[in-house]
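Take a look at the structure below.
Nothing in this text is a laboratory measurement; each read-out follows from the coordinates by a stated rule. Everything quoted here is computed from the prediction, not taken from an experiment. In this analysis, Cβ positions are derived from the backbone assuming ideal geometry, glycine residues included, and neighbour counts consider all displayed protein chains.
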């Protein structure tokens, strides 16, 4: 089956049978990724009267009760409700989006010459505007793979004061200027691990003021997807993104971003 999409005046196609999942599988009985040192996500058999939802214990079928924190236990997509005051809806991105995958090697905050409020420190690794500006960003969805890449990201526990690279404020502004509405990253947060609860990059992305109120209604439709994993075998380039989400009313949802490589209808790979 062939999927087609128009992008920047050109017609692209993708093979629907060659889906690439960027989600981290959550194994309730094995090793899991985690953030903030939280306890593992769990799956326990439902007990209701004489019923036990476990066939290994004599039950007629398996019925599990799941306990997890979307923000901390793997791939998830956030809406403005994560940080804004007032009543805001769950993430609702379009079902299909043109997306670009890029790979960035973070540099220190000092070397970037850019800014992040305290407690950010100059020696810490950041994703900067300077690094992003070397790439063509021409899609509403941007997928960022940080280097070096390693499969350990699929089960790494991010703990401590600052366990991952974060975005400078200039980087966020640049992404907005390029028209990025849906940002996907392979870190557990676009902000510093511990930032005294300020989450300045999140607030900047959603154009919130100091009182957590929107200053740009259009920005409220933006989404951030964190804790993805982009395999080394997936090259940088243009893709069709299907961001799969459950229909839950909450600020962050477990998600499954799936991409399909795009090819120009004349047979060339998408650039």
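Listed values, structure above:
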quantity	calculated
The chain - share of DSSP beta bridges that are antiparallel (%, nearest 5)	70
Set of segment 141-157 residues, backbone N closer than 16 Å to the point 7 Å along the Cα-Cβ line of residue 233	150-152
Stokes-Einstein D for the chain, Kirkwood Rh over Cα pairs, 25 °C, 0.890 mPa s (µm²/s)	124
Rg/Rg_globular for segment 74-128, with Rg_globular taken as 2.2 N^0.38 Å and Rg from C-alpha atoms	1.59
Förster radius 45 Å - calculated FRET efficiency between residue 110 and residue 69, Cβ distance, rounded to 0.05	0.85
Where only C-alpha atoms are counted, convex hull volume of segment 213-271 per residue in Å³	149
Peptides 114-126, 136-148, 69-81 ordered by average Cβ neighbours within 10 Å, highest first	69-81, 136-148, 114-126
Estimated distance in nm for a label pair at residue 43 and residue 19, the labels positioned 7 Å out from Cα along Cα-to-Cβ	1.8
Förster radius 25 Å - calculated FRET efficiency between residue 137 and residue 221 (Cβ-Cβ, nearest 0.05)	0.85
Shape of segment 87-223, Cα gyration tensor, a/c cut at 1.5	rounded
Förster radius 25 Å - calculated FRET efficiency between residue 31 and residue 56 (Cβ-Cβ, nearest 0.05)	0.70
Computed helical MRE - 222 nm, the chain, DSSP H runs ≥ 4 contributing -39500 (n - 2.57), nearest 500	-2000 deg cm²/dmol
